Amino acid sequence: MKRLFCCPVCYKEYEIKPEKCSCGFTDFIKEVDYFEQSRELYEKYENDLLFSLYKFTKAVFYGKIPYAPDVLDVIDHPSNKEIYIKGACGNRGLALVKLEGDRPCVADDGILAFDKTNALIIDVDEITSNLLDESLVKILFLGPKCKIENNRLLRNSLKYLVVHRDNPYYSSEDNVLFSKDKRTLLYYPNYKKGEEYTVPSFVTHIEKSAFRYPYELNKIYIGKHVKFDKKMFDFDDLKHIEIVCI
Ligand SMILES: [Zn+2]
């Protein structure tokens, strides 16, 4: 069977490893056949490819690689204060959602629902809590002015999360979302790598829904000075988590 190199950005396939894809992606990884080889190797291939896409997304985010924004499905009534983005139609592994203009724009629930997009750069004024509903997005980059509705991101399949350094509302560290001053831990991506997590010492408060539906996590170390509602771990998806006060 032929081994292929598949571009995670534009999905173009190559028989021989290319120097550079026409979309700008360079970091190709040889595809592994799950049936011929092992499940572990296949998972490693998928994780490595996702990490390559993460690196590409970061380069686009900080303007190092030119990338055209997605065509957007918008609702724009002149009487509304905001422009609402209902969908992004790039059909690429990385969606770039950006709208230039004077009026504020809001990216609405499920803008990438049923799309094959794995990475999203969102450069708007506000996103709804359900932005990633029914989507496959695993990599999220929040732009310099982007605010999240109620500061809450709801259940999804995120593994990587990065906030632009100029964002006035949030910051990120080790793929975890914090308030700008880093005192409040707002959101722990549910597909974040690692079975254990230590809440950083600068945190004084944990948001109630910060740890919902974790995939690998089973132990959290929390400093004694940190304020959080212990009931937040009573949900069925969190009952297995061991909380260690340090
Ligand atoms: Zn490509």
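Observations
- For the stretch 165-213, the strands (runs of 3 or more DSSP E) that sit wholly inside it and include 3 or more residues that are surrounded by 13 or more Cβ atoms within 10 Å (Cβ to Cβ), modelled with pLDDT of 95 or more and not polar (S, T, N, Q) are 176-179, 184-187.
- Checked against the criterion of being more than 14 Å from the ligand (Cβ to nearest atom) and not assigned by TED's automatic domain parsing to the domain that holds residue 136, the candidates 82, 13, 43 yield just one match: 43.
- Criterion: touching a residue at least 60 places away in the same chain (Cβ under 8 Å) and either more than 16 Å from the ligand (Cβ to nearest atom) or in contact with a helix residue (DSSP H, G or I) (Cβ under 7 Å, 6 or more places away or on another chain) (or both) - qualifying residue of 35, 51, 25, 61: 61
- From the options 8, 18, residue that is within 16 Å of the ligand (Cβ to nearest atom), assigned to a loop (DSSP other than H, G, I, E, B) and within 28 Å of residue 124 (Cα to Cα): 8
- Residues in the stretch 129-163 that are under 18 Å from residue 117 (Cβ atoms), of a type outside the set (A, V, I, L, M) and either at pLDDT 95 or above or not assigned by TED's automatic domain parsing to the domain that holds residue 95 (or both): 138, 141, 143, 146, 159, 160.
- Taking residues in the stretch 100-125 that are closer than 17 Å to residue 167 by Cα, and partners anywhere that are assigned to a strand (DSSP E or B) and hydroxyl-bearing (Ser, Thr, Tyr), the pairs with Cβ atoms closer than 9 Å and at least 6 places apart or on different chains are 105/84; 106/84; 107/84.
The values are calculated or read from the model by the stated rules, or taken from the named source; none is laboratory data. Fair warning: this is a prediction, and the values are worked out from it, not measured in the lab. Quick reminder, even Gly has a Cβ in these numbers, built from the backbone with ideal geometry, and neighbours come from all protein chains shown.
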